[in-house]
């Protein structure tokens, strides 16, 4: 033994991992896994890479938009505020409440976050080896604009939500 590591046939096995193997192996010393022969249905196929990518992007859009909050709290899609003349005017941002949102506010913010993420993906794709110079420039330009626009618009949204935020 040297400092918590046991050397067995040239490989190092740490003592904590050996204890965990023993702990997790206890139920299987008593129980036996059943011999089940399951077949995959013939209609079930591996999804394409773009299908998985689209599912990830859509789920990212919904989660960052606060779909869980919207389902639980059921906020209105937009709010209303009374102006100085007594008229009701629609408001998209629930001001002064960081933990609350209207549905349209969540969707707009989610669009910005998704646009920023897609901008980073476009910037990554511009680094491929066989892209012509003009296409590389366009990808860099579009990706950079997407990331920067997303960042600065998120700051504008935050200032609309909390007036005076980051003003110094």
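So here's what we get for this one:
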item	result
Criterion (under 30 Å from residue 111 (Cα atoms), loosely packed, with under 10 Cβ neighbours inside 10 Å and at pLDDT 85 or above) met by exactly one of 29, 54, 49	49
Cβ pairs under 8 Å, 6+ apart, first in segment 17-32 and part of a helix (DSSP H, G or I), second modelled with pLDDT under 85	18/6
One residue from 84, 74 being farther than 30 Å from residue 167 by Cα and either exposed (fewer than 12 other Cβ atoms within 10 Å of the Cβ) or in contact (Cβ under 8 Å) with a residue 24 or more places away in the chain (or both)	74
Matching residues, segment 110-167, being touching a residue at least 24 places away in the same chain (Cβ under 8 Å) and outside any helix (DSSP H, G or I)	162, 163
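The values are calculated or read from the model by the stated rules, or taken from the named source; none is laboratory data. Source: prediction; values computed, not measured. Don't worry about glycine lacking a Cβ; one is built from the backbone with ideal geometry, like all the others, and counts go over all protein chains shown.
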